[in-house]
1. Only residues that are under 18 Å from Q355 (Cα atoms) and not in a loop (DSSP other than H, G, I, E, B): list them for the stretch 406-431, please.
2. Restricting to the stretch 382-395, and then to whatever is in contact with a Pro (Cβ under 9 Å, 6 or more places away or on another chain) and either of a type in the set (D, E, K, R) or within 17 Å of V357 (Cα to Cα) (or both), can you tell me which residue is least open to solvent (accessible area, probe 1.4 Å)?
3. Among (1) without any contact (Cβ under 8 Å) to a residue 60 or more places away in the chain; (2) assigned to a loop (DSSP other than H, G, I, E, B), which single condition is A401 missing?
4. For the stretch 98-120, give me each residue that is open to solvent by 20 Å² or more (accessible area, probe 1.4 Å) and assigned to a helix (DSSP H, G or I).
5. Kindly indicate whether any position in the stretch 409-420 is within 27 Å of the chain's Cα centre (by Cα) and either within 30 Å of S252 (Cα to Cα) or modelled with pLDDT under 95 (or both).
6. Search the stretch 537-565 for residues that are free of Cβ contacts under 8 Å to residues at least 24 places away in the same chain and pair each with any residue that is open to solvent by 70 Å² or more (accessible area, probe 1.4 Å) when their beta-carbon atoms are under 9 Å apart and the residues are at least 6 apart or on different chains.
7. Determine if the stretch 420-435 includes at least one residue that is out of contact with any helix residue (DSSP H, G or I) (no Cβ under 8 Å at 6 or more places or on another chain) and buried (at least 17 other Cβ atoms within 10 Å of the Cβ).
Amino acid sequence: MKKGIFVGVAAMAAAAAAVIVLSGPAYTSLDKSGKKNVQEAAAEGTLEHESKENEKQADIVIIGAGGAGMTAAVEATQKGATNLIVLEKMPITGGNTVRATGGLNAAETPYQKADGIEDSIELFVEDTMKGGKNLNDPKLVQVMAEQSADAVTWVNEIGGDLSVVGQFGGASVKRIHRPSDTSAVGPMLVNALNAKLKELDVPVFLETEAVHILLNEEGAVVGVQAATKGGEPYTISCKAVILASGGFGANSELVVKYRKDLDGFCTTNQSGATGDGIVMAEELKAGLVDIDQIQTHPTVNPDTTTMYTEGVRGNGAILVNRSGMRFVNELETRDVVSEAILNQEGKTCFMVFDQSVRESLSAIEKYIGQGIITQADTPEELAEAIGVDKDQLKATLEQYAAYQTGGKDTEFGRESMEVPLNMPPYYAGLCAPAVHHTMGGVRIDTATQVLKEDGNAIPGLFAAGEVVGGVHGANRLGGNAVTDIVVFGRLAGNAAYDYVMKNGGFTEKTMKAAGEEEAAQPEVKGNYKDGTYTGAGKGNNGDITVEVVVKDGSVTSIELTDHHETPGIYEAAEKTVTSAIIKTQSTTVDGVSGATNSSKGIKEAVAAALEKAK
């Protein structure tokens, strides 16, 4: 977490109380009214007013600080919005975006032109519609494709890096734009957005959950009811709301409600992807579209739920079953590859690649650091290590090399074969499908206005990102999610800005993020020997090394000196966990939701260091 940008819920009231100016009445929770939802109570005039200190005001409230929400916040502020806030229920920003590993699909970009890649808006639309089995809303797809090149430019202008073009499943040509160092796109984008939010001084309130969106008698947005982590309610009156709360891939009950066949599947989603925004929209009679369309990602480690980016396959990896044989075109759409894997023995497979693929994609180093990749000097040794027939695996690799050299895969029709896979050492990772993306959600028009069941817009309510349905149809192509959040996030920010300007204009900022917090201090006396100690623990991407300083018997400082944790995720664990350990003088503290493995690794490392201080 960037220091000085965001404020936790405990400080939210203190940060805002002195500067809040309410522009009109705000309605509060349903507990006192006894109604099932805020809208019913509001319609009957039975909602109670909250105390003044719990009433806030902004012009635009953005629900969700994932990629779409932060993009909308940056775009609206750049356009001139002065009183805008972002609410995020998790302790960190980024949502599912920070887990995105691939890139951003875009057509007719300068980077494609420089590489001699012939692409077009029409081909992008055609591929996306085909991948979505033509269930997509063609108008939304057209907008996404038309504005995709501008999305790449915008990301780079705010400090991002999308300059390398690669091949992903479902695309007719190389279209996915990735960071120049071939690292994962999500952390890069989230870091760029966080930095821009800090530069623009946009208040983002963490661990603050939106509960209901409030409408007036005319059905227009007038506010948001929110609650802190401790349950304290706040009502924020506003003129516009942007719903960017993500999908419901981490809500197993909701997943099974719409897709019983996915019962028992693990998920690649962060724990905050529970569909809250869809529930809030349903309260307003918003229309839903494609809600039963839930995508599985084919290459996920079933033990750690780590998702292998499609870039591994795009750069040359193949999939083999437990007999050591290929069984599918590895670059088919995600639904096709997932189904093919589920038809294999054990409903799993192995992703196999060589040193040339490893060197082409830095994201692979994360998987190796996690200990989920097996390495061997020869195909036969690799086969023995993973338990497949060694003669068959050797023959499979030799046949693939022949296909690659000849330029034609006569078995499965794979067109992009980057390398012959004959450079030792060789690598393999266990794969199984997992719930990855919920294509369904609220219905919007091309201006991101949320539409009711009858097709009419809800005045002042806009939506972008995975909470929206219709963009991806029955199957999302890899690389289209990042395009989606940037294109429609920007559109939502612009639309909300224009709506506020037409409905009274903007007011001065009334809610501010807190400044930099003071360093944590011991709240109890420790019982350790003075000195400086080091320790290591297992994090999400390998070992975490810490340096712990003990003074006057108590831990006074903890510093992460070496690690490979994911930017945009580990920072919250670093700050929260180390502060809690210093305050309590114990490593038995809570981790940070969304950064569980990083939290665990930090606690293990500190515990190892303190063993030396006893």
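The values are calculated or read from the model by the stated rules, or taken from the named source; none is laboratory data. Everything quoted here is computed from the prediction, not taken from an experiment. For neighbour counting, all protein chains shown are included, and Cβ atoms are generated from backbone atoms with ideal geometry for every residue, glycine included. These accessible areas exclude ligands, DNA and RNA; they are computed on the full protein's heavy atoms, side chains included. Shrake-Rupley method; radii C 1.70, N 1.55, O 1.52, S 1.80 Å.
1. Matches in the stretch 406-431: Y426, Y427, A428, G429, L430.
2. Residue satisfying both the conditions and the ranking: L382.
3. Only one criterion is unmet by A401, namely (2).
4. Here is the first cut: in the stretch 98-120, the ones open to solvent by 20 Å² or more (accessible area, probe 1.4 Å) are 99-101, 108, 110-111, 113-120.
Within the stretch 98-120, R99, P110, Y111, K113, A114 meet the criteria.
5. Pass one, the stretch 409-420, residues within 27 Å of the chain's Cα centre (by Cα): none.
No, the stretch 409-420 has no match at all.
6. Short answer, once both residue conditions are applied: V549/D530; V549/T532; V549/E559; K551/D530; D552/K525; D552/D530; D562/D543.
7. To start, the set of residues in the stretch 420-435 that are out of contact with any helix residue (DSSP H, G or I) (no Cβ under 8 Å at 6 or more places or on another chain) comprises 434.
Next, only the ones that are buried (at least 17 other Cβ atoms within 10 Å of the Cβ) stay: 434.
Yes, that holds for at least one residue.
Every residue, every condition in (1) modelled with pLDDT of 95 or more; (2) under 24 Å from I373 (Cβ atoms), yes or no:
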{"site": "G539", "(1), (2)": "no, yes"}
{"site": "D543", "(1), (2)": "no, yes"}
{"site": "V546", "(1), (2)": "yes, no"}
{"site": "V550", "(1), (2)": "yes, no"}
{"site": "G568", "(1), (2)": "no, yes"}
{"site": "K575", "(1), (2)": "no, no"}
{"site": "S598", "(1), (2)": "no, yes"}
{"site": "K614", "(1), (2)": "no, no"}
